[in-house]
1. Out of residues 5 or more away from GLY240 or on other chains, whose amide H comes under 5 Å of its own, with H placed 1.01 Å from N in the peptide plane?
2. Apply the Karplus curve 6.51 cos²θ - 1.76 cosθ + 1.60, θ = phi - 60°, to the phi angles in segment 71-87 and return the couplings in whole Hz, x for Gly and Pro.
3. Would you mind classifying segment 16-167 by shape? Square roots of the alpha carbon gyration tensor eigenvalues, ordered a ≥ b ≥ c; an a/c under 1.5 is rounded, otherwise it is prolate if a/b is larger than b/c and oblate if not.
4. Work out how much length ARG391 to VAL321 would gain on full extension: take 0.36 nm times their residue separation and subtract the Cα-Cα distance, in nm to one decimal.
5. Going by average Cβ density within 10 Å per residue, which order do the peptides 384-392, 95-103 take, highest to lowest?
6. Could you check the spin-label model distance between MET371 and GLU40? Points 7 Å from the Cα along Cα→Cβ, value in nm.
7. Rounded, prolate or oblate: which one fits segment 54-126, using the alpha carbon gyration tensor with axes a ≥ b ≥ c (rounded when a/c is under 1.5, else prolate when a/b beats b/c, else oblate)?
8. Could you name the lysines whose alpha carbon sits less than 20 Å from that of LYS315, not counting residues in the same chain fewer than 8 places away?
Amino acid sequence: MPAESCRGGRPLDCLPHHYLTFTTHHYILSPLISKQYVNENYQGNGAAEYQYYDPYYKQWDQTACSYANGSPCTKMDCHLSSTSFSLLGFFKHRKYDDWMEQLFKHQGICRWNDEDYAFMKNARKAWPQGCTLSSAKTKNGKPLYYDLKPAYSGEITVSMYIDATCDSSSEYYMSTSAIENILGNILGNGQASQHSQDNGGDYDFSGESLASSLNRWNSAFDIWSICHSCVAHDLDNPDGSVYYGTCYDDGFYNNDDNTDDKAAYYNAYNNYYGDGNNDDANRQLRQLGGDYCPRGYAFECYDDAGYTSVNQCMKFSAKTVMRTASFRDLAIANLQGTLTSHSLSGYVDQTYEFHSHTKTNALTYTFLVSMCMLCVASLVYLVKIIQEASRSRNAPALTETLV
């Protein structure tokens, strides 16, 4: 691929390949289920191979496609019936917090806006790590426990339980507001942490209700129900100019009017010293290949752990307890309504195969019951005919001639 396709940045073909993708469908309490796909028709255009869904504008963004000549501009969606993505496998992650930590700091920071990232980063740490004893008791004096609870369509919430296992059979049903009276808003009590790429802790969610914070969480997390490339990317960084190194251009320092030099100077200066409004001055400061005043690749993602365009799927396998999901795991996840609306890599249409077909099932069962009743009636009638025939054979013969 020609370097000029990057429009001033480094060539896209220097980026790791973007043919592996992942998606998740939330939780079945434990573990969390995710899927990985491979694009068998990958053309080698990296991030510019695809168009991406924008959750904030609710539309597909084709900006990246224009950075590669002849890009197929394929929708980054593994769930379409006509997709070229093939299913690589279903995977389960025993500790959902480990999985979320890797996802949020390496890729979430480049996909969410600043406000959502600030909220999600800290709310992640607030979820209960297993069944937890609360300070409340039932009317009968039994202690109440709380834990994460899977909800329909892949969402999650908090629920109360009456035993230390927090099994669904022991759920103690309470409204969200009643739970908040006991636990408070556990998701919104923390503020954005310092020394990260979240605007230095500018967001305060402590005034939200628990219900509002749960809605915010599920709305923000819904972005991961659509596939993302394993290699992290930043659609707001099309030419690598989001980051400049810790240097300034001599030409601008000498009052040169070059626009790029001005941008490089100001970005480098603000990254190092701050802009007067940001206490977290060097939050994006890092070395890129040891270059002097370096400029990044097109669509590079500078994450919250100091890495650049990390391979997210590699992080999942290396930093989480990741195993192949069993049929039982998928069956349970299916009950949550999260595996029902997507096709399996174009070969099995789950929209039909695994969806709830109430009317069709009712007609099917009605037909089966009717056929069973017909069979029983036929057998009863057959037995009756046989019994009558048997009685006829055993009847005494007539000895007198009938006149």
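The values are calculated or read from the model by the stated rules, or taken from the named source; none is laboratory data. Predicted model, so just to flag it, every value in this text is computed and none were measured. Ideal geometry is used to build each Cβ from the backbone, glycine not excepted, and the neighbour counts take in all protein chains shown. Keep in mind that these areas ignore ligands, DNA and RNA; they rest on the heavy atoms of the full protein, side chains included. Shrake-Rupley method; radii C 1.70, N 1.55, O 1.52, S 1.80 Å.
1. For GLY240, the qualifying residues are PHE299, GLU300.
2. Once rounded to whole Hz, the list reads 4, x, 6, 6, 5, 6, 8, 6, 9, 6, 5, 9, 5, 9, 7, 10, 5.
3. Prolate, because a/c is 1.5 or more and a/b exceeds b/c.
4. Stretched fully, the ARG391-VAL321 segment lengthens by 17.7 nm.
5. Working: 384-392: 9.4, 95-103: 20.4.
In decreasing order of mean packing, 384-392, 95-103 become 95-103, 384-392.
6. It is 3.6 nm.
7. Working: a/c = 2.62, a/b = 1.42, b/c = 1.84.
Since a/c reaches 1.5 but b/c is at least a/b, the shape of segment 54-126 is classed as oblate.
8. LYS35, LYS92, LYS95, LYS105, LYS121, LYS125
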